[in-house]
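**Student:** Quick one: structure below, then a few questions.
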Amino acid sequence: MTTLVSFLGKGQDGRGYRNANYQFDDGEIVQAQKYIGTALANKFKPTKIIFLGTSGSMWDVFLETASEELEDRWLSIVEAVQTQSVSKEMLSPFERFLSQSYGVEVHCVLIPFAKNTQEQIEILSVLSNCLQDKEQVVLDVTHGFRHLPMLALVVARYLKKIKQIDVKNIYYGALEMTENGYTPVLNLDGMLSMLDWVDAIGTYDKDGDYSVFAPLLINEGLSENDSNLLKEASFFERNNNSSQANQKLSSIFSKIEGIKTPIFDLFKPQLVQRLNWFKKGNRGKQEQRLAYEYLARKDYLRAVIFAQEGMISAKTFDEKGKVNDYTDRENSRNLLKESDEFRFLSNIRNSLVHGLGKDAKKDLKRILS
């Protein structure tokens, strides 16, 4: 189910919209349209259309082609537009006319002017109430106040997080860029992608789960198979299996570094920095690096686990020159049990898992508090 959401603007000095030949980025041209919402409806064939406007938007111009039986009601809207007093009751009779004209369900929805935080929040609430969970939305920000496109980005992110609504496209008909009689329709999806990356980096920095980057990297050209390897690497790391995580990252890291797209070029340094722990020498150094990273995220249990495993790996490497043999690691663990530092980490780990015992020492109580 795809819903087109389109803003209506306010007229200037009694003038309505001008005709335009709208040209999309795929080369398709929709000719002689006063209102871009009509062009978008013709192109995308939505199953529902929501027109958003204030009490002073050009509802009169937009609805002037309504049938003669609605003429008296239309004249009332003309007067109401002048005084910015258009009401829902005035618009309701025209929804049926528009639904018949477009051949789909149409809603005319009033929104405030977004002059302050309260009104901006109200727009989010109004639009959210018009949409069902998990709908797909095409958003048109061509008309309306100049600050509405900024609000539209917030709307897109809000709907995605609150109702799992996918805003597939944001379009802007750039009348001021008209050349040779054609008006380009700008696709602003890149801004949505940038916000997705910002969200993903924030999520990763919070919990260390870099599988959130997998679907974004597919959009930038990484194969689905390689994206699955990234998910597997994250799975193994978060289950304290740094060796398997290392193998998965090693097999795909160069492919990730090789992606060349404008959006990924913007975020590549941040992503590479967060994934390159597996390049830090032997397994002991890698696990020690992970211990510090999880400590910084306040993921204390993983931090202490990797700290202990890092000591075991370092000891095993020093003794045997290799780190993954189970017997060798158990021998190293037994040797480290004589170390005060290793025993203290064991006590912290046990307390994090089982809780503080009544005989816990003061140092342990201090750390866990």
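**Student:** If I ask for residues that are surrounded by 17 or more Cβ atoms within 10 Å (Cβ to Cβ), within 16 Å of P262 (Cα to Cα) and of a type outside the set (D, E, K, R), which ones from segment 214-228 would you list?
**Tutor:** If the condition is that a residue be surrounded by 17 or more Cβ atoms within 10 Å (Cβ to Cβ), within 16 Å of P262 (Cα to Cα) and of a type outside the set (D, E, K, R), then L216, L217, L222 are the ones that fit.
**Student:** I'm trying to understand the selection: among the residues of segment 66-85, which are open to solvent by 20 Å² or more (accessible area, probe 1.4 Å) and under 39 Å from the mean Cα position of the chain (by Cα)?
**Tutor:** Selection gives Q84, S85.
**Student:** Shifting gears a bit: Quick one: how many residues across segment 28-54 are part of a loop (DSSP other than H, G, I, E, B) and open to solvent by 50 Å² or more (accessible area, probe 1.4 Å)?
**Tutor:** 4
**Student:** Taking interchain pairs and intrachain pairs at least six residues apart, which have beta carbon atoms under 6 angstrom, with the first residue in segment 13-27 and more than 13 Å from G37 (Cα to Cα) and modelled with pLDDT under 95 and the second in a strand (DSSP E or B) and among the polar types (S, T, N, Q)?
**Tutor:** Close Cβ pairs (under 6 Å, with a partner that is in a strand (DSSP E or B) and among the polar types (S, T, N, Q)) amount to D25/N187.
**Student:** In segment 132-148, how many residues are within 20 Å of the chain's Cα centre (by Cα) and surrounded by 18 or more Cβ atoms within 10 Å (Cβ to Cβ)?
**Tutor:** The qualifying residues number 7.
**Student:** Out of F236, F278, which single residue is out of contact with any strand residue (DSSP E or B) (no Cβ under 8 Å at 6 or more places or on another chain), hydrophobic (A, V, I, L, M, F, W, C), closer than 30 Å to F342 by Cβ and open to solvent by 30 Å² or more (accessible area, probe 1.4 Å)?
**Tutor:** Only one candidate passes the filter, namely F236.
**Student:** Taking segment 298-321 on its own, how many of its residues are under 33 Å from the mean Cα position of the chain (by Cα) and aromatic (F, W, Y)?
**Tutor:** Number satisfying all stated conditions: 2.
**Student:** Follow-up question, since we're still on this one. It is to be established whether one or more residues within segment 170-183 are closer than 30 Å to V141 by Cβ, in a loop (DSSP other than H, G, I, E, B) and in contact with a Phe, Trp or Tyr (Cβ under 6 Å, 6 or more places away or on another chain).
**Tutor:** No; the residues of segment 170-183 include none that is closer than 30 Å to V141 by Cβ, in a loop (DSSP other than H, G, I, E, B) and in contact with a Phe, Trp or Tyr (Cβ under 6 Å, 6 or more places away or on another chain).
**Student:** Looking only at segment 249-264, which residues are more than 15 Å from P215 (Cβ to Cβ) and polar (S, T, N, Q)?
**Tutor:** Hits for segment 249-264 are S250, S251, S254.
**Student:** Hey, another quick one. Here's a check for you: in segment 165-184, which residue that is over 20 Å from E105 (Cβ atoms) and touching a residue at least 60 places away in the same chain (Cβ under 8 Å) is most open to solvent (accessible area, probe 1.4 Å)?
**Tutor:** Checked segment 165-184; the qualifying residue most open to solvent (accessible area, probe 1.4 Å) is Y182.
**Student:** Looking at D205, is it at pLDDT below 95, over 28 Å from T142 (Cβ atoms), of a type outside the set (A, V, I, L, M, F, W, C) and assigned to a helix (DSSP H, G or I)?
**Tutor:** yes
**Student:** Let me ask you something else. Tell me, yes or no, whether segment 340-355 has at least one residue that is part of a helix (DSSP H, G or I), of a type in the set (S, T, N, Q) and closer than 24 Å to N246 by Cβ.
**Tutor:** no
**Student:** Scan segment 255-264 for residues that are open to solvent by less than 80 Å² (accessible area, probe 1.4 Å) and assigned to a helix (DSSP H, G or I) and report the count.
**Tutor:** Matching residues across segment 255-264 total 4.
**Student:** While we're looking at this one, here's another question. If we scan segment 149-164, do we find a residue that is open to solvent by less than 70 Å² (accessible area, probe 1.4 Å) and part of a loop (DSSP other than H, G, I, E, B)?
**Tutor:** no
The values are calculated or read from the model by the stated rules, or taken from the named source; none is laboratory data. Here the structure is a predicted model, which is why all the values come from computation and not from measurement. Positions of Cβ are backbone-derived with ideal geometry, glycine not excepted, and every protein chain shown enters the neighbour counts. Remember, those area values only see protein heavy atoms, side chains included, never the ligands or the DNA or RNA. Shrake-Rupley method; radii C 1.70, N 1.55, O 1.52, S 1.80 Å.
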